[in-house]
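For reference, the structure is listed below as structure tokens.
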Amino acid sequence: GCVLVVSVVEQLAQWHNSTVKAAMERLCNYIPGEYQVMCTNIARKMNADVVCHSLKLCKQDPGQPLCHLYPPPKVHHFWELMHPSSFIFPPLQKSFMGFSSMCAFPVLANLCEKIKYVLRNKLPFEDFDGDKFSTFPTLRGYHWRGRDCDDKNTTVYPGRRSDNWDEKSDSNCNGIWGVDPKDGTPYEEKFCKGADSRGVVLLGDSAGAHFHIPPEWMTVTQMSAKSFANLPMAFSDELDWPQFSEITGFLNSTIGGWTDSLYLRLRKRNRCNHRDLQNISQNVYFHINIVAYLSSSLARNQLLDNPAIVIYATIGNDVCNGNRDTLAHMTTPKEMLSNVVQALRYLDTRLPNGSHVILTGLVDGRFLWDNLHDRYHPLGQLNRDVTYSQIYSFLDCLQVSPCSGWLTPNETLRNLTSERALQLSNVLKEIARSEKFANFDMFYMDFPLRQTAEEWRKMGGEPWQLIEPVDGFHPSQIAAALGTSITWQKVLHEWPQVLGKENPFNEQIEAIFKDQGGH
């Protein structure tokens, strides 16, 4: 993090010519001597690695390689510069230590614990009635689940079957309630009775959560005062953008491309499905405690709610980790079978009868290295000095690579990782073929990367544009939207029963309740 931030600061100084650097040098002369080291290092073009080591935000553990993004500066005192004992930054060090221990204060301890609980269980921070739905957008609010329409009533939430046809109030938050004055029939009964209403639930990883770091945060040639306007929202959504995602997206994309999602298409097919969505995805591996995780995060009442389409799509988590011995930390086929069947058995106790589960195979991540390794990362575009290969190596050295098996120059390791991914996909395929459950049927589909790339080429695009530019790992907004179209067509033609029938009253619903159709 430090290296990225300092890199951007240095490039900003370069981009704005010498005036900023001259002012920095002048400022350095005014600063007391013991604090000049960091200032003069930046002014003397000491690179981000040196600065961050001097601040003790980067370190070299004994016996471990020295991790650096840039080539070491050619000065004789390089090792003195890198050695933290050469610098005295008491106030700065105290500020970092104070930040990390802020939760020790009694007045903040309870708040910190609640935030940790929310992030761990993927529940809304602001949920007054405890029904797992919220009126607040971020902190696992309605960007992740349909927006609650009464956060003081635990029996009112998206996805439930209507209470007495919602004659007096909207109990399922789909915006349809009241009585038609012409014939006295409740609108919910008139428009939604027998309409095959259903919601969509995603059990996914960081790709499903739609992880994205805006490239304008790191590309100084595009940077302006507006570049960081979305920073508070992004951080409170864990750098995920589920509101634009492939399965549960519902807002127009502000991060490039366009929004198309399974939820939006289900809503268009049947307006009674309005707001019935849940994105239960997270950026870290969760299979070990999958049942505990689902029991705390999934909001579905088997007796009161509509059926759901559950998409099980951990397309990379089972083979991706940042460990040096990455193969040893990948999920084995035996573990995959146990984990997934355990999760499905739990879902069978929670999903209403008539639900559907689609198991999605793992991606072939060799696509990443093949299309990105020799391209310049946003950090390297100004000086043409940082490629994705360098970024991958830097993260791997720090043991924080999102996927050591695929983001590597080692072709053998990339092939072995894809081989394991295929083995795990075959496990999912066999589960879908052989396992039977009381309350849902089950299907398998491959992750449509090849079809997505082919479709994008037909539109005149390049394969690298399907990958997130900053992390060089996740599907981009374009990939998410194209993937939706391919998935929808497959399900529509092969398993139409999953989607339910089209509602003939959609236009009437929109006309009458157009002011209550927002998300």
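Test PHE228 against the criterion of being under 22 Å from VAL3 (Cα atoms) and out of contact with any helix residue (DSSP H, G or I) (no Cβ under 9 Å at 6 or more places or on another chain), and give yes or no. In short, no.
Test of understanding: among GLU494, GLU455, which residue is more than 30 Å from GLY354 (Cβ to Cβ) and either open to solvent by less than 20 Å² (accessible area, probe 1.4 Å) or of a type in the set (D, E, K, R) (or both)?
GLU455
Can you name every residue in the stretch 274-300 that is assigned to a helix (DSSP H, G or I) and open to solvent by 10 Å² or more (accessible area, probe 1.4 Å)?
Matches in the stretch 274-300: ILE288, ASN289, VAL291, ALA292, TYR293, SER295, SER296.
Scan the stretch 243-272 for residues that are of a type in the set (Gly, Ala, Ser) and open to solvent by 20 Å² or more (accessible area, probe 1.4 Å) and jot them down. SER253, GLY256, GLY257, listed by residue number. Restricted to helices (runs of 4 or more DSSP H) entirely inside the stretch 130-242, those with at least 2 residues that are open to solvent by 20 Å² or more (accessible area, probe 1.4 Å) and out of contact with any Phe, Trp or Tyr (no Cβ under 7 Å at 6 or more places or on another chain) are 231-236. Here the condition is being without any contact (Cβ under 8 Å) to a residue 60 or more places away in the chain and under 26 Å from GLU462 (Cα atoms); of ARG433, ARG384, ARG375, it holds for ARG384 alone. In summary, ASP471 fulfils each of the numbered conditions (1) touching a residue at least 24 places away in the same chain (Cβ under 8 Å); (2) part of a helix (DSSP H, G or I); (3) closer than 21 Å to GLN243 by Cα with the single exception of condition (2). Summed over the stretch 387-410, the residues that are free of Cβ contacts under 8 Å to residues at least 60 places away in the same chain and among the hydroxyl-bearing types (Ser, Thr, Tyr) give a count of 4. GLN222 meets all of the listed conditions (1) under 18 Å from the mean Cα position of the chain (by Cα); (2) free of Cβ contacts under 8 Å to residues at least 12 places away in the same chain but one, namely (1).
The values are calculated or read from the model by the stated rules, or taken from the named source; none is laboratory data. Predicted model only: the values in this text are computed from it and were never measured. So basically every Cβ, Gly included, is an ideal-geometry build from the backbone, and we count neighbours across all protein chains shown. Just the protein is used for accessible areas: all its heavy atoms, side chains included, with ligands, DNA and RNA removed. Shrake-Rupley method; radii C 1.70, N 1.55, O 1.52, S 1.80 Å.
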